[in-house]
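The values are calculated or read from the model by the stated rules, or taken from the named source; none is laboratory data. Since we're looking at a predicted model, the values are computed, not measured. Note that we place each Cβ from the backbone using ideal geometry, even for glycine, and neighbour counts take in every protein chain shown.
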Amino acid sequence: MLRMRRGHIFRLLSCILIISGILYFFLHESVVLPTLSRPFPASKYATRATYEYTSIYRRNANRTFEAGLDAQLLAFEQSFYSSLPSNEQNLLANLTIHQISTTKQQSQMSAWITQWRTNNPGWSYELLTTHPVSLLAIYKGIPSILSAYENPSLRRDLVRYLLLWYHGGFYTDVNTWERVSLNHCPPIVEFTQGGREVSLMVGVDRDEPFYNRETVEMMGWGRGFGLGIDTVWAMKRFDPIMRRAIVRSISHAEVKKGLEGTKWFHDDWDVFESDWEEWERSEISGAGMFTDIVLEVLSDGLRDDHELRDRDAGLERRVSWKKFKHLQTTLWIDRSQAREGADMRGIAVLPIDVWSNGQNHSGAGTFEAETACVNRANRDGPKKTWHGKGFW
């Protein structure tokens with residue numbers, strides 16, 4: 001009987017210790033929770049798709065300011081180009097992988113950063129975690145760029161565009177990892193083998209144009225469609241789309257400041273920390289803004305009879321998202337398809353399952369999909385928290 005009581009007491013104490021350990025782990029330890037693909041409330045759909053979108057930042061933009069800044073950047077580019085030796089005037093960028101990180105992210109994502117650094121023979125690697133003094137020195141003659149850099153919420157996107165416009169190269173966020181080496185990614189291989197006259201490679205990031213407004217907001221988006229800026233390859237320097245991205249992100253940040261009186265200076269923040277909500281960042285300087293630029297450049301630049309033009313998008317038959325919906329293969333829009341004199345170099349658009357797998361929408365594949373070259377931590381879906389620590 002005594003042995004039975006001792007055994008019962010021992011088991012009870014063991015259970016108490018285990019439960020106490022679990023509670024201590026969740027309540028007191030700083031835990032990095034895994035990012036998992038998980039179900040969320042059922043999506044709701046509209047009867048008509050939305051293929052074009054105009055944000056409040058675009059509607060209130062100062063077009064005169066944008067034209068002036070664009071002219072400054074274009075003059076800078078032309079001056080630089082004229083100083084290049086003839087063997088560099090093709091503007092081909094070096095094979096460089098760029099990443100931008102806060103110090104906290106650098107620690108959390110160290111394994112993925114190491115993979116990018118070591119798993120791509122023939123590519124150099126640069127990780128930016130502090131103020132890019134040498135990069136900003138290049139733009140010292142354009143005060144509006146240096147002023148805009150003081151906005152910490154804009155800083156990461158602005159530096160991304162400044163890097164890719166001036167230097168070119170391959171940019172990818174630190175929350176991404178590669179399933180295969182870049183040297184074995186099929187679209188990259190196809191370009192390097194020659195015959196494709198493009199200057200930029202981007203991928204579809206979300207493709208749900210039939211989501212209704214409630215679902216779009218539930219997802220934390222501004223719109224149901226768009227290209228991604230988590231991973232972008234600028235094969236050539238001074239791409240016109242990147243130039244417009246610099247101009248428009250600065251312009252939209254000024255609109256945001258004017259509408260809400262945003263405070264720009266936060267002395268206690270990390271150099272690349274932001275206080276913008278993800279949906280508004282997307283429309284101010286991120287993927288939403290970038291998608292609009294690509295569609296506009298194609299609308300302005302492609303031949304009048306080009307198949308990408310949408311006959312339902314105005315008399316000018318603008319290029320809308322309609323032709324990118326359910327994209328299955330790489331869309332190569334070569335420079336040869338543009339009007340004569342158009343400010344357009346050519347762009348390759350990848351299906352969602354090449355650079356944006358692991359998401360719970362848009363027909364994205366799994367992380368192990370055969371087509372996947374780059375995967376990223378899934379951040380889409382309704383936000384939840386666990387003791388103040390955000391996770392998806």
>> Whether any residue in the range 198-205 is closer than 26 Å to Gly222 by Cβ and not hydrophobic (A, V, I, L, M, F, W, C) is what I want to check.
In response: yes
> Are there any helices (runs of 4 or more DSSP H) wholly within the range 98-162 with 1 or more residues that are under 26 Å from Glu283 (Cα atoms) and either without any contact (Cβ under 8 Å) to a residue 12 or more places away in the chain or aliphatic (A, V, I, L, M) (or both), and if so which?
Replying inline: 133-138, 143-149
> Which residues, taken from the range 318-332, are farther than 11 Å from Gly301 by Cα and outside any helix (DSSP H, G or I)?
Replying inline: Ser320, Lys325, His326, Leu327, Gln328, Thr329, Thr330, Leu331, Trp332
> When Glu370 is evaluated against the numbered criteria (1) more than 20 Å from Gly222 (Cβ to Cβ); (2) in a loop (DSSP other than H, G, I, E, B); (3) at pLDDT 95 or above, which criterion, by number, is the only one it fails?
Replying inline: (3)
>> Considering only residues that are over 16 Å from Lys325 (Cα atoms), β-branched (Val, Ile, Thr) and part of a loop (DSSP other than H, G, I, E, B), which ones fall in the range 48-59?
In response: Thr54
>> Which residue is modelled with the lowest pLDDT, if the candidates are limited to the range 204-241 and must be of a type in the set (Gly, Ala, Ser) and either in contact with a Cys (Cβ under 9 Å, 6 or more places away or on another chain) or surrounded by fewer than 24 Cβ atoms within 10 Å (Cβ to Cβ) (or both)?
In response: Gly220
> Taking only pairs six or more apart or across chains, which ones have beta-carbon atoms under 7 Å, a first residue in the range 172-201 that is farther than 21 Å from Leu127 by Cβ, and a second residue that is loosely packed, with under 15 Cβ neighbours inside 10 Å and of a type in the set (S, T, N, Q)?
Replying inline: Glu197/Ser336
> When the range 335-361 is examined, which residues are found to be under 24 Å from Ser299 (Cα atoms) and touching a residue at least 60 places away in the same chain (Cβ under 8 Å)?
Replying inline: Arg335, Ser336, Asp343, Met344, Arg345, Gly346, Ile347, Ala348, Val349, Leu350, Pro351, Ile352
> So how many residues does the range 321-334 have that are among the hydroxyl-bearing types (Ser, Thr, Tyr) and either surrounded by 18 or more Cβ atoms within 10 Å (Cβ to Cβ) or without any contact (Cβ under 8 Å) to a residue 24 or more places away in the chain (or both)?
Replying inline: 1
>> Name the single residue that is farthest from Leu259 (Cα to Cα) among those in the range 70-89 being over 23 Å from the mean Cα position of the chain (by Cα) and of a type in the set (A, V, I, L, M, F, W, C).
In response: Leu84
> Do we have Asn151 as of a type outside the set (Phe, Trp, Tyr) and surrounded by 15 or more Cβ atoms within 10 Å (Cβ to Cβ) here?
Replying inline: yes
> Of everything in the range 205-254 that's under 16 Å from the mean Cα position of the chain (by Cα) and of a type in the set (S, T, N, Q), which residue is farthest from Ala42 (Cα to Cα)?
Replying inline: Ser249
> Within the range 256-285, how many residues turn out to be surrounded by 19 or more Cβ atoms within 10 Å (Cβ to Cβ) and modelled with pLDDT of 90 or more?
Replying inline: 7
> Would you pick out the residues in the range 278-294 that are outside any helix (DSSP H, G or I) and under 18 Å from Asp70 (Cβ atoms)?
Replying inline: Ser285
